[in-house]
Amino acid sequence: MEFVYRRTYRGPLKAILLDWAGTTMDYGCYAPAVVFQAVYANKNVPISIEEARLPMGAHKKVHIRKISQIEAVRDRWQEVHGRYPNESDVEAMFAEFIPRQLEVLADYADLIPGTTDAVAEFRKMGLKIGSTTGYMLAMMDILKAEAAKRGYEPDNSVCAEEVATGRPDPWMCVKNVMDMGIYPFEACVKVDDTLPGIDEGLNANMWTIGLAKTGNEIGLNEAEINALDADVLQRRLNGAYDRMAKAGAHYVVDGIWDVPAVLEDINRRLARGERP
Ligand SMILES: [Mg+2]
């Protein structure tokens, strides 16, 4: 055959997969960060909030392990314990992390402004709403109940512990679309506030949107953001936009309130036969 013919999806978006902390709730993504700090402090190796945030988006045990691999943390650990942190330290801190995280989750469950309006727009567009998270199932039980009280109820939710590996691998996205019966993957969009979350969407061959202002990349809640000088905020936003764009996000916007307009643009691109 002299020609090959390529099949192209030209229909609209069918599903949106939303992250939780820093995307739809917990402005600034504080709940996990403060607990990571607490479990390291309990080992007499205090870590900065920046160190606590560095691996954000990963499965929480992976996250604890990645903090233990930060050079400066390893060095401080060795000063205190006479050796570098090992896997049994990671296991011990993860065991301690779970009840501590469960205890404080509800304190950080307020929705990010604009979430319910954006979700209403997604519904109007006929989208199914899935979600992915590095939180454990028991944590999601709390967060889903808190979110429902505040008017947000996604159709589906997948935790890292339900799949072989969490972010940056694509399996939570894949399980979501399987659960919801959605294909092809180019009819789906992934929204996240972390770099591993952007990787997750890209690895699933989905359209991927980074949220620069409301999550881990700036790491401040709404009141703290509003208290920043305009030029400081702009500089930090520029950094977050830059990192997310370089991670390969198809779009980077401030927060979930900006997402409906992006979806309209993606629908125009799909109609032209473009792929993520
Ligand atoms: Mg997040």
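Looking at the structure I just gave you, is E51 away from the ligand (no atom under 16 Å from the Cβ), over 26 Å from A223 (Cβ atoms) and not in a loop (DSSP other than H, G, I, E, B)?
No.
Based on this model, can you work out whether D117 counts as more than 30 Å from V73 (Cα to Cα) and either touching a strand residue (DSSP E or B) at 6+ places or on another chain (Cβ under 7 Å) or of a type in the set (S, T, Y) (or both)?
no
Would you point out the residue of the range 180-203, among those that are in contact with an Asp or Glu (Cβ under 9 Å, 6 or more places away or on another chain) and of a type in the set (A, V, I, L, M), that is farthest from the ligand (Cβ to nearest atom)?
M180
From (1) closer than 19 Å to E161 by Cα; (2) aromatic (F, W, Y); (3) at pLDDT below 95, pick out the condition that doesn't hold for F94.
Evaluating F94 over (1) closer than 19 Å to E161 by Cα; (2) aromatic (F, W, Y); (3) at pLDDT below 95 leaves (3) as the failure.
Quick check on D26: is it acidic (D, E) and either crowded, with 23+ Cβ neighbours inside 10 Å or closer than 30 Å to L127 by Cα (or both)?
yes
Quick one: would you say K66 is surrounded by 15 or more Cβ atoms within 10 Å (Cβ to Cβ) and either at pLDDT below 95 or within 30 Å of R272 (Cα to Cα) (or both)?
For K66, the condition - surrounded by 15 or more Cβ atoms within 10 Å (Cβ to Cβ) and either at pLDDT below 95 or within 30 Å of R272 (Cα to Cα) (or both) - is not met.
Can T8 be described as in the same structural domain as V259 (by TED's automatic domain parsing) and under 30 Å from G273 (Cα atoms)?
no
What is the one condition in (1) within 16 Å of the ligand (Cβ to nearest atom); (2) hydroxyl-bearing (S, T, Y); (3) at pLDDT 95 or above that Y30 does not satisfy?
Among (1) within 16 Å of the ligand (Cβ to nearest atom); (2) hydroxyl-bearing (S, T, Y); (3) at pLDDT 95 or above, Y30 violates only (3).
So M180 ticks every box in (1) in contact with a Gly (Cβ under 7 Å, 6 or more places away or on another chain); (2) farther than 13 Å from L17 by Cβ but one. Which box is left unticked?
(2)
What single numbered condition from (1) touching a residue at least 24 places away in the same chain (Cβ under 8 Å); (2) of a type in the set (A, V, I, L, M, F, W, C); (3) not assigned by TED's automatic domain parsing to the domain that holds S131 fails to hold for M25?
(3)
Mind listing just one residue for me: the one in the range 82-136 that is free of Cβ contacts under 8 Å to residues at least 60 places away in the same chain, surrounded by fewer than 16 Cβ atoms within 10 Å (Cβ to Cβ) and of a type in the set (D, E, K, R) and, of those, nearest to the ligand (Cβ to nearest atom)?
Among those residues, the one meeting the criterion is E103.
Being more than 16 Å from the ligand (Cβ to nearest atom) and touching a Leu at 6+ places or on another chain (Cβ under 7 Å), is that true of even one residue in the range 145-157?
So far as the range 145-157 goes, yes, one or more of its residues are more than 16 Å from the ligand (Cβ to nearest atom) and touching a Leu at 6+ places or on another chain (Cβ under 7 Å).
Between K61, K66, which is more than 29 Å from N267 (Cα to Cα) and either in contact (Cβ under 8 Å) with a residue 40 or more places away in the chain or within 16 Å of the ligand (Cβ to nearest atom) (or both)?
K66
Considering only residues that are surrounded by fewer than 16 Cβ atoms within 10 Å (Cβ to Cβ) and among the charged types (D, E, K, R), which ones fall in the range 227-249?
Passing the criteria: D229, D231, R235, D242, K246.
Suppose we filter A230, A271 for residues that are among the hydrophobic types (A, V, I, L, M, F, W, C) and closer than 30 Å to A109 by Cβ; which single one remains?
From the options A230, A271, the qualifying one is A230.
The values are calculated or read from the model by the stated rules, or taken from the named source; none is laboratory data. Quick caveat, the model's predicted, so the values are computed rather than measured. Heads up, the Cβs are rebuilt from the backbone with ideal geometry, glycines too, and the neighbour counts pull from every protein chain shown.
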